[in-house]
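Presented below is the structure to which this report refers.
The values are calculated or read from the model by the stated rules, or taken from the named source; none is laboratory data. Since we're looking at a predicted model, the values are computed, not measured. Cβ: placed from backbone, ideal geometry, glycine included. Neighbour counts: every protein chain shown.
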Amino acid sequence: MDILTLVQNRHSYRGLYKADPVPREDLTAILTAGLAAPSGCNQQTTRLLAIDEPQLLAKLREVLKKPSLCSAPALICVLTNPREAYPGHCFARQDYAAAIENMLLAIVALGYQSCWYEGYLTNEDQISRQMAQLLKVPPPYELVCVLPVGEAAASPAAPPAKLPFDQRAWFNRLPSQGLVK
Ligand SMILES: Cc1cc2nc3c(=O)[nH]c(=O)nc-3n(C[C@H](O)[C@H](O)[C@H](O)COP(=O)(O)O)c2cc1C
């Protein structure tokens, strides 16, 4: 699949996963894609922890609770070190976002599904902190996102519609009627 088709084919998957393990070779390829992402001032502030050990997955599932996440045979935890690249400028969030998109594309390229779970982890239940504790993530690193990885057990739901091209992208001049929110 060429890269432009791949980009269009990536969609969040929130259904159940098959229990089949994801080969280490594939997980390594996905992590390697994440590490290839650009980072502000090349500070490489993102760290990745893939979980495929059944006992550890079982412990994380107690915290994660969501059926989709709990059915995934592998989870990739995204860790960030929110330090400044230079005084007054921290690019750690942009760094990990770029790494996540690279991994989501690699996941789809290899025939798996995933979803960027960040809001769910950092909501008032502080699931990310509980996961970080379980995984012994040392400060100043923070666990900010988890990507389930596995083959879909159900057919993916229709992806949400994106706004049309001409409401979000232009050549040379922004539209005179203003930008749609
Ligand atoms: C920063 C960020 C946080 C997200 N957090 C969650 C989340 O906690 N739970 C979830 O189901 N989806 C989450 N998503 C996925 C978005 O809901 C999804 O990308 C969006 O609805 C567009 O759908 P698509 O990924 O199929 O294009 C998150 C995406 C981003 C970029």
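Selection within the stretch 133-153: residues that are surrounded by fewer than 21 Cβ atoms within 10 Å (Cβ to Cβ) and within 15 Å of the ligand (Cβ to nearest atom). The member of this set that is nearest to residue 79 (Cα to Cα) is 142.
In the set (1) out of contact with any strand residue (DSSP E or B) (no Cβ under 7 Å at 6 or more places or on another chain); (2) without any contact (Cβ under 8 Å) to a residue 40 or more places away in the chain; (3) polar (S, T, N, Q), residue 128 fails one condition alone, (1).
Could you grab me the full set of residues in the stretch 115-132 that are within 11 Å of the ligand (Cβ to nearest atom) and among the acidic types (Asp, Glu)? Matches in the stretch 115-132: 118 only. The helices (runs of 4 or more DSSP H) found entirely in the stretch 42-130 that carry 3 or more residues being in contact with a Ser or Thr (Cβ under 7 Å, 6 or more places away or on another chain) are 92-109. Could you go through the stretch 55-70 and let me know if any residue there is under 14 Å from the mean Cα position of the chain (by Cα) and either within 16 Å of the ligand (Cβ to nearest atom) or surrounded by 14 or more Cβ atoms within 10 Å (Cβ to Cβ) (or both). Yes: one or more hits.
Screening residue 83 against (1) modelled with pLDDT of 95 or more; (2) under 18 Å from residue 143 (Cβ atoms); (3) surrounded by fewer than 20 Cβ atoms within 10 Å (Cβ to Cβ) leaves a single unmet condition, (1).
Just the residues that are among the polar types (S, T, N, Q) and either within 15 Å of residue 142 (Cβ to Cβ) or out of contact with any Lys or Arg (no Cβ under 9 Å at 6 or more places or on another chain) (or both), please, taken from the stretch 47-80. Residues satisfying the conditions are 55, 80. Among the candidates 74, 161, 169, 99, the residue that is surrounded by fewer than 16 Cβ atoms within 10 Å (Cβ to Cβ), away from the ligand (no atom under 12 Å from the Cβ) and hydrophobic (A, V, I, L, M, F, W, C) is uniquely 169.
Taking the criterion of being crowded, with 20+ Cβ neighbours inside 10 Å, of a type in the set (Phe, Trp, Tyr) and farther than 17 Å from residue 33 by Cβ, the only residue of the stretch 102-132 that qualifies is 117.
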